[in-house]
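Report on one structure; see the data block that follows.
The values are calculated or read from the model by the stated rules, or taken from the named source; none is laboratory data. Here the structure is a predicted model, which means the values were calculated and not measured. Glycine also receives a Cβ, built like all others from the backbone with ideal geometry; neighbour counts cover every protein chain displayed.
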Amino acid sequence: MLGLKLPTDPRWVNIVEKNIEEILIDHAYCEQKAASTAISLIVSFPEYTELVEEMIALSREEMGHFKMVHDRIITRGIVLGRDRKDEYVVELLKFFPKGGSRTNQLVHRLLYAGLIEARSCERFRLLSEELEDKELAEFYHKLMVSEAGHYTMFLKFARKYGNREEVDKKWEDLLAYEAQIMKNLGKKESIHG
């Protein structure tokens, strides 16, 4: 369903199990960044009314997810701490060239967002199936369902606002590029790294 070219090595969950604090902190910031992405799309492309409406709803949902993760952080006696650079996103952003038409910029941002959501969904599925902590496993199952909807929404908008054939080609190329990135990641207790 997700179309990812390189699945996460299931042993990644073993790293997570030993570092639950770190994954929760990283996850909290991922939710915050997802909300920020939605708001940024509203600010950058206000003329796309349907997109704006969906991004309003998404920003609320993502901040709700942030709160749910933050609540788990507090319950476990952890402090959120400072944000860290997401190596995955840094590498992903190198795929598309800077500049271009507004439409191309929009499509590129939608494709990035869709791919990040797809990878998050895939990672949440692994956590929901493999974590020994059943409460956290159930939590990640619920989030996995939500992330799948986000991924498809971003891809739908990219196809709506761009040329369908070109968008599908860019999406396939981006998936192949992302698989190369993932070969070097999956060794840390972070959602994408």
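What the table below lists for this structure:
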| read-out | value |
| --- | --- |
| Count of residues meeting criterion [surrounded by 13 or more Cβ atoms within 10 Å (Cβ to Cβ), touching a helix residue (DSSP H, G or I) at 6+ places or on another chain (Cβ under 8 Å), in a loop (DSSP other than H, G, I, E, B) and not β-branched (V, I, T)] in region 6-20 | 2 |
| Yes/no for K142 being within 15 Å of T103 (Cα to Cα), surrounded by fewer than 17 Cβ atoms within 10 Å (Cβ to Cβ), in contact with a helix residue (DSSP H, G or I) (Cβ under 9 Å, 6 or more places away or on another chain) and of a type in the set (K, R) | no |
| Residue in region 126-138 that is in contact with a Leu (Cβ under 6 Å, 6 or more places away or on another chain), within 20 Å of I25 (Cα to Cα) and either touching a residue at least 60 places away in the same chain (Cβ under 8 Å) or surrounded by fewer than 22 Cβ atoms within 10 Å (Cβ to Cβ) (or both) present | yes |
| Tabulated pairs, region 90-118, first within 14 Å of Y48 (Cβ to Cβ), second in a loop (DSSP other than H, G, I, E, B) and aromatic (F, W, Y), C-beta under 6 angstrom, 6+ apart or interchain | L106/F45 |
| Filter pass, L80 being within 27 Å of A28 (Cβ to Cβ), in contact (Cβ under 8 Å) with a residue 40 or more places away in the chain and surrounded by 13 or more Cβ atoms within 10 Å (Cβ to Cβ) | yes |
| Residue match in region 156-174 (condition: β-branched (V, I, T) and either under 15 Å from L58 (Cβ atoms) or in contact with a Gly (Cβ under 7 Å, 6 or more places away or on another chain) (or both)) | no |
| Positions within region 163-193 being outside any helix (DSSP H, G or I) and at pLDDT 95 or above, in sequence order | N163 |
| Residue within region 36-52 that is within 16 Å of L155 (Cβ to Cβ), surrounded by 13 or more Cβ atoms within 10 Å (Cβ to Cβ) and touching an Asp or Glu at 6+ places or on another chain (Cβ under 7 Å) present | yes |
| Flag if E31 is under 24 Å from E178 (Cβ atoms) and acidic (D, E) | yes |
| Inter-residue pairs, beta-carbon under 7 Å, first in contact (Cβ under 8 Å) with a residue 12 or more places away in the chain and closer than 18 Å to G64 by Cβ and in region 33-51, second small (G, A, S) and surrounded by 12 or more Cβ atoms within 10 Å (Cβ to Cβ), 6+ apart | A35/S59; T37/A113; A38/S59; I39/S59 |
